[in-house]
Amino acid sequence: MSTQTDTRRLTAVDIAKRKGGEKIVSLTAYHAHTAGIVDRYVDFILVGDSLGMVMHGLETTLPVTLEMMILQGRAVMRGSSRALVVVDMPFGSYEEGPEQAFRNAAHVLKNTGAGAIKLEGGVHMAGTVAFLVRRGIPVMGHVGLTPQSINTMGGFRVQGRGDEGQRMLEEDARAISDAGAFAIVMEGIVEPVARRITETVSTVTIGIGASPACDGQILVLEDMLGLNDWVPKFVKKFGSLREHIEGAVSGFADEVRAGTFPAQEHTYQPSAPKPPAKG
């Protein structure tokens, strides 16, 4: 007789309840195997459109398609069992209006099994967020440095410097919170502003280059593992995987060229002949 232990996956509601409580931990993942590694340690996994830059070598996230997000979202769902999985809505899949956003968000959730979607924008996206939430789509917002808007922002620039910038950020976060988002990612925001927003909105805030006062923190997995040569100021490298991978690849190449790999223990030998049957 076999027994089965059910592991309940965290939901957007569980994350929303953590406002002001235990810190929320999150990382990105795009593959089943990395999702399986981080699943036991994080509260939610973000399948970010950063996969365009991390996996495909694109210069920005703008060329990422809905199909790419769904493919990697499925992989992350297969590799995880406990963490909430949130899938980014890519550029061009929701900005046209609430109906387009709902159609594509529903498509993502149906075809991945993920528990929520994330979209970028502040005041101008509040109506869309409210539209989605009223129709059963859990929404994570994203304000501050929004990578899908870098062409109008003039590049990857820290947000919230100057009185006008601070006012706009606070209005953006408040609008998304009031619209019903269960969480808000705050990226590239000067610390005092990010802290003040966290203290004044009722929605949990997730910082990435923001403030330690945020209700949680997120990093791109490949950045914190040290796989990239250059990382932003807000990233701490918790590992040096690039060096380990290069060492392993170098060792493999050396042994192949020297003829020492594969060795006897790595090759298959023919079966020993069977003794003749006794008559």
Any idea what the dipole of the chain comes to, in debye rounded to 20, about its Cα centre with Lys/Arg Cβ at +1 and Asp/Glu Cβ at -1?
1000
Using the Karplus curve 6.51 cos²θ - 1.76 cosθ + 1.60 with θ = phi - 60°, work out ³J(HN,Hα) for each residue of the range 73-88 in order, rounded to whole Hz, and write x for Gly and Pro.
x, 4, 4, 5, 5, 5, x, 10, 9, 10, 6, 5, 10, 10, 10, 5
Average the reciprocal distances over every distinct pair of alpha-carbons in the range 125-207, invert the result, and give the Kirkwood radius in Å.
12.9
Quick calc, I37 & S250: beta-carbon distance into FRET formula, R0 22 Å, rounding 0.05, result 0.35
Before rounding to the nearest 500, sum -39500 (n - 2.57) across all DSSP H runs of length at least 4 in the chain and divide by the residue total; then give [θ] at 222 nm in deg cm²/dmol.
-11000 deg cm²/dmol
Could you tell me the calculated FRET efficiency between E171 and E22, based on Cβ-Cβ distance and R0 = 25 angstrom, to the nearest 0.05?
0.30
Which residue fluctuates the most in the chain, going by a Gaussian network model with Cα springs under 10 Å, if the choices are D223, D215, D163?
D163
Given q = 0.13, 0.21, 0.24, 0.26 Å⁻¹, what are the Debye log10 I(q)/I(0) values for the range 187-235, with equal point scatterers placed on the Cα positions and solvent ignored?
-0.32, -0.68, -0.81, -0.89
Out of I189, I176, I150, any idea which swings most in a Gaussian network model of the chain, alpha carbons joined below 10 Å?
I150
I'd like the distance separating the alpha-carbon centroids of the range 219-279 and the range 159-217, in whole Å.
43
Treating cross-link reach as a plain straight distance, find the lysines whose alpha-carbon is under 28 Å from the alpha-carbon of K274, omitting any fewer than eight places away in the same chain.
none
Take the chain, connect every pair of alpha-carbon atoms lying under 10 Å apart with a spring to form a Gaussian network, then pick out the residue of T205, T260, T11 with the largest mean-square fluctuation.
T260
Placing +1 on the Cβ of each Lys and Arg and -1 on the Cβ of each Asp and Glu in the range 12-224, which of L119, A35, L66 has its Cα farthest towards the positive end of the resulting dipole?
A35
Restricting to DSSP loop positions (anything but H, G, I, E, B) with no more than 16 other Cβ atoms inside 10 Å of their own Cβ, which chymotrypsin sites (Phe, Trp or Tyr not before Pro) remain in the range 3-57?
Y41
Give the Debye-formula value of log10 I(q)/I(0) at each listed q (0.18 Å⁻¹), with one equal scatterer per alpha carbon of the range 1-102, two decimals each.
-0.92
Of K110/K237; K23/K118; K118/K236; K19/K110; K17/K237; K110/K233, those spanning more than 26 Å from alpha-carbon to alpha-carbon:
K110/K237; K19/K110; K17/K237; K110/K233
Suppose we look only past 30 Å in the calculated P(r) of the range 12-224. What percent of the Cα-Cα pairs does that tail hold?
13
Once fully extended, how much extra length lies between K237 and E164, figured as 0.36 nm per residue of separation less the alpha-carbon to alpha-carbon distance?
23.0 nm
What is the distance, in nm, between label points placed 7 Å from the Cα along the Cα-to-Cβ direction at R8 and at D229?
4.8
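Read-outs: derived from the displayed coordinates by stated rules, not from any lab. In this text, all values refer to a predicted model and were calculated from it rather than measured experimentally. Cβ atoms come from the backbone with ideal geometry, glycine included; neighbour counts cover every protein chain shown.
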